[in-house]
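Peer 1: Here's a structure for you.
The values are calculated or read from the model by the stated rules, or taken from the named source; none is laboratory data. These numbers were taken from a predicted model, which means no experiment stands behind them. Please note: Cβ atoms are built from the backbone with ideal geometry, for glycine as well, and neighbour counts cover all protein chains shown. These accessible areas exclude ligands, DNA and RNA; they are computed on the full protein's heavy atoms, side chains included. Shrake-Rupley method; radii C 1.70, N 1.55, O 1.52, S 1.80 Å.
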Amino acid sequence: PEEGEEEEEEGGEEENEAKTRGSTKGQKWLSKLWGVSRVWLKRAADKGHVDATCQMALERMKHSDYEGGVLWFRRAADLGSATAHFNLGVCADQGLGMAQDAVLAAQHYLHAARGGDPDGMYNYASYLHQKAALAKADDAKYHQRQQQRQRQQQQQQQQ
């Protein structure tokens, strides 16, 4: 048998398994093969296939259904997807499908980073850097105000 024929036979088994047994792997395969991603992808996602769940979220986001995308990302995050946590962080950062919230974004970036997502690691590190810079700026402002108060008190005492 030629290589193409073997691949068709393997695909046939994947297709049969997807139809009869409800295999999430097979349903994801069908979604790629046939281009009917919404039906088969949703079936796999509904059964808890993490990659399919993330893909459903991305499909919603691609069509500007940000609230729907966030719901699917939350499902994937609940299934342990670091990628979903990263994307939820982006949504919270930018206010897509949810209220803009830097702290929530950082929490999702941290989950993504702990799950091994390099973008999550980068964004969480950026958040920490910004937070440290703001704290340093606030500290400098506090010291400037203290010095101004001291000068004012000294001037008042001299009068």
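Peer 1: So which residues in region 50-78 are among the basic types (Lys, Arg) and either surrounded by fewer than 16 Cβ atoms within 10 Å (Cβ to Cβ) or not in a helix (DSSP H, G or I) (or both)? Talk me through it step by step, then tell me what you get.
Peer 2: To start, the set of residues in region 50-78 that are among the basic types (Lys, Arg) comprises 60, 62, 74-75.
Lys62 - this is the single residue of region 50-78 that is among the basic types (Lys, Arg) and either surrounded by fewer than 16 Cβ atoms within 10 Å (Cβ to Cβ) or not in a helix (DSSP H, G or I) (or both).
Peer 1: Select from region 79-100 the residues that are among the polar types (S, T, N, Q) and not in a helix (DSSP H, G or I) and write down the one among them that is least open to solvent (accessible area, probe 1.4 Å).
Peer 2: Ser81
Peer 1: Would you say Arg21 is open to solvent by 70 Å² or more (accessible area, probe 1.4 Å) and at pLDDT 95 or above?
Peer 2: So Arg21 fails the test.
Peer 1: Quick check: is even one residue across region 101-122 outside any helix (DSSP H, G or I), in contact with a helix residue (DSSP H, G or I) (Cβ under 8 Å, 6 or more places away or on another chain), of a type in the set (Asp, Glu) and open to solvent by 50 Å² or more (accessible area, probe 1.4 Å)?
Peer 2: Taking every residue of region 101-122 in turn, at least one turns out to be outside any helix (DSSP H, G or I), in contact with a helix residue (DSSP H, G or I) (Cβ under 8 Å, 6 or more places away or on another chain), of a type in the set (Asp, Glu) and open to solvent by 50 Å² or more (accessible area, probe 1.4 Å).
Peer 1: Let me ask something else about it. Does Tyr127 satisfy the criteria of being hydroxyl-bearing (Ser, Thr, Tyr) and buried (at least 17 other Cβ atoms within 10 Å of the Cβ)?
Peer 2: The answer is yes for Tyr127.
Peer 1: Of the residues that make up region 136-148, is at least one open to solvent by 100 Å² or more (accessible area, probe 1.4 Å), charged (D, E, K, R) and touching a helix residue (DSSP H, G or I) at 6+ places or on another chain (Cβ under 9 Å)?
Peer 2: No: region 136-148 contains no residue that is open to solvent by 100 Å² or more (accessible area, probe 1.4 Å), charged (D, E, K, R) and touching a helix residue (DSSP H, G or I) at 6+ places or on another chain (Cβ under 9 Å).
Peer 1: While we're looking at this one, here's another question. Of the conditions (1) at pLDDT 95 or above; (2) in contact with a Phe, Trp or Tyr (Cβ under 7 Å, 6 or more places away or on another chain); (3) not hydroxyl-bearing (Ser, Thr, Tyr), Arg60 clears all except one; give me its number.
Peer 2: Checking Arg60 against (1) at pLDDT 95 or above; (2) in contact with a Phe, Trp or Tyr (Cβ under 7 Å, 6 or more places away or on another chain); (3) not hydroxyl-bearing (Ser, Thr, Tyr), the one that fails is (1).
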